[in-house]
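Enquirer: Below are the structure tokens for one structure; questions will follow.
The values are calculated or read from the model by the stated rules, or taken from the named source; none is laboratory data. Everything quoted here is computed from the prediction, not taken from an experiment. A quick note on method: Cβ atoms are made from the backbone with ideal geometry, for glycine too, and the neighbour counts reach across all protein chains shown. These accessible areas exclude ligands, DNA and RNA; they are computed on the full protein's heavy atoms, side chains included. Shrake-Rupley method; radii C 1.70, N 1.55, O 1.52, S 1.80 Å.
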Amino acid sequence: MPPLFPERASTMAARVDALYFFLLAIGIFFSLLIAGLIVFYAIKYRRRSPEAVGAAIHGGLWLEIGWSVGPLLITMVIFVWGASVFFAMSTPPAETLNIYVVGKQWMWKFQHLDGQREINELHVPVGRAVKLIMTSEDVIHDVFVPAFRIKADVLPGRYTTEWFEATKPGRYHLFCAEYCGTRHSGMIGEVVVMEPSEYQVWLSGGAPEGSLASAGEKLFQDLACVTCHRPDSQGRGPLLQGLFGKTVALANGATVAADESYIRESILNPGAKITAGFQPIMPTFQGLVSEEQLLALVEYIKSLKPQPEVSTK
Ligand code: CUA
């Protein structure tokens with residue numbers, strides 16, 4: 001017989017299961033109670049003679065209050081508990097190991113910051129919070145790792161995230177949990193959780209092409225981004241050093257947080273959010289760069305630290 005529950009292999013698993021068991025217990029308790037009462041009263045108040053007429057009942061105040069307030073309290077407990085688990089799942093810790101995920105019909109591509117790339121297999125260290133920054137090349141997919149109790153949609157045209165901290169080494173199933181076409185059921189993979197020392201060894205093997213940020217830097221040169229986004233603030237485009245994580249003032253008076261999605265959008269659709277003080281002269285790179293190249297560019301821009309002030313006499 002297959003096990004009823006997948007293994008618990010993340011810090012979130014026990015919390016998700018506790019809530020699930022609570023819901024299950026409430027469901028079972030009320031199902032049995034109601035079914036039992038139906039049978040009990042059906043027998044107790046059965047018609048005993050053909051002429052019998054039931055007594056007319058005109059409501060009961062305390063009964064009404066009881067079955068309104070009782071379920072309200074129970075659902076509020078479910079709501080608060082569920083919300084707290086949801087917030088914990090959707091708020092990654094400040095320090096995470098970031099890994100990019102690109103889904104496409106029908107495979108998963110994983111890109112580590114040190115340059116390693118994998119397909120349908122994801123190596124991560126145990127005991128470290130990992131954040132997946134995910135996008136799709138075509139339709140909606142969904143990364144589901146039952147042993148970690150995490151599941152999140154992967155959408156074309158934007159980044160979504162999910163995070164986990166694996167608690168024991170091993171190999172865990174990864175499924176696509178959003179119907180995405182003929183081979184949806186084959187869009188599966190494995191998360192390989194390793195001891196930190198083994199993970200370091202794994203990381204150092206291969207990846208001769210260098211880090212993701214360095215691949216992005218090369219693209220940045222090849223696409224001639226550097227001619228306008230110059231590091232000396234004299235360029236025709238905004239300075240990118242120190243941009244990531246800042247709040248950017250836009251030409252229309254609004255502001256935007258410079259996160260991965262903003263950078264991606266600004267490469268593909270530069271006219272969407274014009275930085276205050278600049279002209280909308282940047283061409284679009286839609287169709288010229290793949291999702292994976294975009295990730296490299298985003299990572300390169302993230303790596304650009306603010307430069308020390310240089311006097312310009
Ligand atoms: Cu990808 Cu279902």
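Enquirer: Can you pull out the residues in the range 107-127 that are part of a strand (DSSP E or B) and among the acidic types (Asp, Glu)?
Expert: Passing the criteria: GLU118, GLU121.
Enquirer: Check the range 296-309 and report whether any residue there is touching an Asp or Glu at 6+ places or on another chain (Cβ under 9 Å), open to solvent by 30 Å² or more (accessible area, probe 1.4 Å) and modelled with pLDDT under 80.
Expert: Looking through the range 296-309, at least one residue is touching an Asp or Glu at 6+ places or on another chain (Cβ under 9 Å), open to solvent by 30 Å² or more (accessible area, probe 1.4 Å) and modelled with pLDDT under 80.
Enquirer: Sticking with this structure for a sec: Answer with yes or no whether ALA147 is hydrophobic (A, V, I, L, M, F, W, C), crowded, with 16+ Cβ neighbours inside 10 Å, more than 23 Å from GLU291 (Cα to Cα) and in contact with a Pro (Cβ under 6 Å, 6 or more places away or on another chain).
Expert: yes
Enquirer: A follow-up question, please. Among the numbered conditions (1) touching a residue at least 12 places away in the same chain (Cβ under 8 Å); (2) open to solvent by less than 60 Å² (accessible area, probe 1.4 Å); (3) under 21 Å from GLU292 (Cβ atoms), tell me where ALA166 comes up short.
Expert: (3) is the only condition that ALA166 fails.
Enquirer: When the residues of the range 69-106 are narrowed to those that are open to solvent by less than 70 Å² (accessible area, probe 1.4 Å), hydroxyl-bearing (Ser, Thr, Tyr) and not in a strand (DSSP E or B), which ends up farthest from the ligand (Cβ to nearest atom)?
Expert: SER84
Enquirer: Within the set of pairs 6 or more residues apart or between chains, which connect a residue that is under 14 Å from GLU162 (Cα atoms) and in contact (Cβ under 8 Å) with a residue 60 or more places away in the chain inside the range 92-116 to a residue that is of a type in the set (Lys, Arg) and within 16 Å of the ligand (Cβ to nearest atom) with Cβ atoms less than 7 Å apart?
Expert: Taking only residues 6 or more apart or on different chains, the pairs are VAL102/LYS109.
Enquirer: Filter the range 286-295 down to the residues that are open to solvent by less than 30 Å² (accessible area, probe 1.4 Å) and assigned to a loop (DSSP other than H, G, I, E, B) and list them by number.
Expert: VAL289
Enquirer: Which condition breaks for ILE133 when tested against (1) assigned to a strand (DSSP E or B); (2) within 15 Å of the ligand (Cβ to nearest atom)?
Expert: (2)
Enquirer: Okay, moving on. Which residues, taken from the range 272-283, are surrounded by 12 or more Cβ atoms within 10 Å (Cβ to Cβ) and part of a loop (DSSP other than H, G, I, E, B)?
Expert: ALA272, LYS273, ILE274, ALA276, PHE278, MET282
Enquirer: Given the residues GLU165, GLU198, GLU190, GLU178, which is the only one that is over 24 Å from SER136 (Cα atoms) and at pLDDT 85 or above?
Expert: Exactly one residue qualifies, and that residue is GLU198.
Enquirer: Within the range 136-229, which strands (runs of 3 or more DSSP E) (wholly inside it) include 1 or more residues that are within 11 Å of the ligand (Cβ to nearest atom)?
Expert: Per the criteria, 141-145, 150-154, 170-176, 188-194.
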